[in-house]
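Below is one structure, written out as structure tokens; the observations come after it.
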Amino acid sequence: MTETAATAPRVTMDEITALAKRRGFIFQSSELYGGIGGFYDYGPLGAVLKRNVKDAWWRETVQLRDDVVAFDSSIIMHPLVWKASGHVDQFHDKMIDCKICKHRFRADHLPNLDQCPDCGSKKSFTDPRSFNLMMQTHIGPMEDTASIAYLRPETAQGIFVNFKNIYQTARKKPPFGIAQIGKSFRNEITPGNFTFRQREFEQGELEYFVPDDGKDMAIFAEWVDARKKWYSDYGIKADRLRFYELPADERPHYAKAGIDVEYLFPWGWGELESIAHRGTYDLDAHMKLSGKDLRFFDEAAKQHYTPILIESSAGMDRTTLTMLIDAYEKEKSVDPNGKEMERVVLRFHPKIAPQQIAVFSLARNKPELVERARAIEADLRRKFRTQYDEGNIGQLYRRQDEIGTPFCVTFDYDSLDDQSVTVRERDSMRQERIAVDRLQSYFSEKL
Ligand code: GAP
């Protein structure tokens with residue numbers, strides 16, 4: 001385990017949930033009807049934030065690499081896919097109920113089974129019962145056992161069953177990877193911690209296939225490094241992140257190595273991603289049940305072999321939540337009139353920030369100012385994520401700090417004479433005058 005002195009974020013989950021709702025990042029799903037546990041909706045800013053997280057993952061994992069190809073499989077697949085993968089028989093959690101307060105728990109989440117942590121009753125639990133986490137539906141009009149199908153609990157299996165289609169059409173040979181981002185569903189017994197544990201969520205999964213030539217552990221280590229660099233490049237604080245090496249007794253029997261990427265959330269360490277050396281387990285399982293050959297034919301050696309699999313599986317919602325929490329700061333500052341105030345600021349990395357530049361006109365009722373400010377915003381919009389706003393400058397800054405916009409541009413009365421605007425930087429709150437015709441190049445450099 002590599003770990004530096006960890007400092008938990010100085011924010012509570014109540015503060016994050018309230019800010020997420022107030023500013024339009026994340027809402028509880030179906031709030032109008034009292035909500036539905038384990039499901040969330042992303043508001044105007046949250047939808048862009050999550051898209052930026054996915055784009056950043058896609059860029060580094062697929063776009064910038066010539067050894068990884070893109071994929072997008074269906075959510076519902078043949079039920080035998082989940083038989084072969086082991087999900088039908090083994091994807092279970094044990095649940096337990098308190099007979100007094102009726103609260104339900106995952107048995108493995110309880111420190112001991114003597115006393116209910118919610119109501120304090122002793123020896124009040126039912127016997128643990130196994131519960132399969134896959135969500136079921138039916139295909140076609142008949143709701144019988146023959147029509148049962150599952151919403152996928154991970155995107156990976158879509159890649160495994162298409163392995164041959166993909167390597168043949170993409171003309172790739174191991175070592176090479178296949179990546180996809182998509183929705184997965186798990187009927188979690190106790191969803192919670194906001195979007196950390198949901199019943200519908202998105203994963204970014206990379207399945208990297210390597211020949212059995214002794215380099216598999218080195219390639220595993222390269223992917224761990226690549227993922228470390230990703231979190232660091234997009235601004236996650238290193239002292240709140242750890243790469244936990246799973247000992248043999250915490251790994252599945254077929255896995256030669258496993259690392260959980262964990263973040264120090266306000267409630268403690270939580271998993272963001274799992275990186276695993278899965279051997280030939282997945283392809284073998286599908287070959288066995290389907291009776292089809294998924295091995296790769298090595299032209300040079302004139303022989304078939306089953307490639308070894310290295311997997312990196314990251315939660316896109318958990319990473320988005322981490323970006324929000326990690327960026328959050330509450331600090332003392334001074335408002336434009338010199339008054340002391342407390343400001344909340346989200347210090348997003350500029351590539352992750354939902355908005356990059358806000359353009360203001362200082363007065364609402366001065367058409368010349370409004371027109372010029374809007375023209376600047378329209379011009380910057382072609383290249384950056386921007387927004388136009390107007391009104392009280394203190395309030396405007398406060399709002400943009402709270403949604404994490406790296407730069408604000410203000411067109412004021414002086415701008416009419418000197419053709420310059422005030423550019424204010426989010427983190428330092430430093431302000432400088434920049435000529436309007438230099439704004440494009442100024443922001444290209446900064447962002
Ligand atoms: N194919 C491997 C796999 O699915 P996993 O550890 O079960 O591995 C990978 O899941 C990632 O998916 C987790 O690290 C987490 O980020 C995300 N994830 C899993 N269950 C989740 C849930 N209920 N809500 C949100 N994200 C979840």
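The values are calculated or read from the model by the stated rules, or taken from the named source; none is laboratory data. As the structure is a computational prediction, the values presented were derived from the model and not from experiment. Glycine gets a Cβ as well: all are built from the backbone with ideal geometry, and neighbour counts include every protein chain shown. Ligands, DNA and RNA are excluded from the accessible area calculation, which covers all protein heavy atoms including side chains. Shrake-Rupley method; radii C 1.70, N 1.55, O 1.52, S 1.80 Å.
Sub-7 Å Cβ pairs linking a first residue in the range 23-47 that is without any contact (Cβ under 8 Å) to a residue 12 or more places away in the chain to a second residue that is open to solvent by less than 50 Å² (accessible area, probe 1.4 Å) and among the polar types (S, T, N, Q), at least 6 apart or interchain, are GLY35/SER29; ILE36/SER29, ordered by first then second residue. The condition (being within 24 Å of the chain's Cα centre (by Cα) and either surrounded by fewer than 20 Cβ atoms within 10 Å (Cβ to Cβ) or more than 16 Å from the ligand (Cβ to nearest atom) (or both)) is satisfied by just one residue among VAL224, VAL261: VAL224.
Anything in the range 195-214 that is within 10 Å of the ligand (Cβ to nearest atom), open to solvent by less than 30 Å² (accessible area, probe 1.4 Å) and not in a strand (DSSP E or B)? List them, or say none. Passing the criteria: THR195, PHE196, GLN198. Applying the criterion of being within 16 Å of the ligand (Cβ to nearest atom) and of a type in the set (Asp, Glu) to the residues of the range 239-258, the residue that is farthest from GLU207 (Cα to Cα) is GLU250.
If you check SER313 against the conditions, is it open to solvent by 10 Å² or more (accessible area, probe 1.4 Å), hydroxyl-bearing (Ser, Thr, Tyr) and under 20 Å from the mean Cα position of the chain (by Cα)? Spelling it out, SER313 is indeed open to solvent by 10 Å² or more (accessible area, probe 1.4 Å), hydroxyl-bearing (Ser, Thr, Tyr) and under 20 Å from the mean Cα position of the chain (by Cα). Only residues that are touching a helix residue (DSSP H, G or I) at 6+ places or on another chain (Cβ under 9 Å) and within 11 Å of the ligand (Cβ to nearest atom) were counted across the range 146-179, and they come to 8.
Total residues in the range 206-245 satisfying the condition of being at positive phi and aliphatic (A, V, I, L, M): the figure is 0. For the range 106-145, the candidate set comprises residues that are in a loop (DSSP other than H, G, I, E, B) and hydrophobic (A, V, I, L, M, F, W, C); within that set, the residue that is farthest from the ligand (Cβ to nearest atom) is MET142.
Within the range 256-315, the residues that satisfy the criterion of being in a strand (DSSP E or B), hydrophobic (A, V, I, L, M, F, W, C) and within 30 Å of ILE16 (Cα to Cα) are ILE259, VAL261, LEU264, PHE265, TRP269, LEU272, ILE275, ALA314.
Picking from residues in the range 143-185 that are over 17 Å from ASP72 (Cα atoms) and without any contact (Cβ under 8 Å) to a residue 60 or more places away in the chain, the one that is least open to solvent (accessible area, probe 1.4 Å) is SER147.
Within the range 47-100, the set of residues being of a type in the set (Val, Ile, Thr) and either more than 27 Å from THR195 (Cα to Cα) or out of contact with any strand residue (DSSP E or B) (no Cβ under 7 Å at 6 or more places or on another chain) (or both) comprises VAL48, VAL53, VAL68, VAL69, VAL81, VAL88, ILE100.
Name, by its number, the condition in (1) open to solvent by 10 Å² or more (accessible area, probe 1.4 Å); (2) part of a helix (DSSP H, G or I); (3) more than 22 Å from ARG106 (Cβ to Cβ) that does not hold for TYR231. Only one criterion in (1) open to solvent by 10 Å² or more (accessible area, probe 1.4 Å); (2) part of a helix (DSSP H, G or I); (3) more than 22 Å from ARG106 (Cβ to Cβ) is unmet by TYR231, namely (1). Note on the range 12-85: no enclosed strands (runs of 3 or more DSSP E) hold 2 or more residues that are open to solvent by 50 Å² or more (accessible area, probe 1.4 Å), in the same structural domain as SER313 (by TED's automatic domain parsing) and at pLDDT below 95. Among the residues of the range 270-319, the one identified as within 10 Å of the ligand (Cβ to nearest atom), out of contact with any Ser or Thr (no Cβ under 7 Å at 6 or more places or on another chain) and either of a type in the set (Val, Ile, Thr) or not assigned by TED's automatic domain parsing to the domain that holds ARG51 (or both) is THR319. For the range 238-254, a tally of residues being crowded, with 18+ Cβ neighbours inside 10 Å and not in a strand (DSSP E or B) returns 1.
The set of residues in the range 264-278 being within 19 Å of PHE209 (Cβ to Cβ) and surrounded by fewer than 20 Cβ atoms within 10 Å (Cβ to Cβ) consists of SER274 alone.
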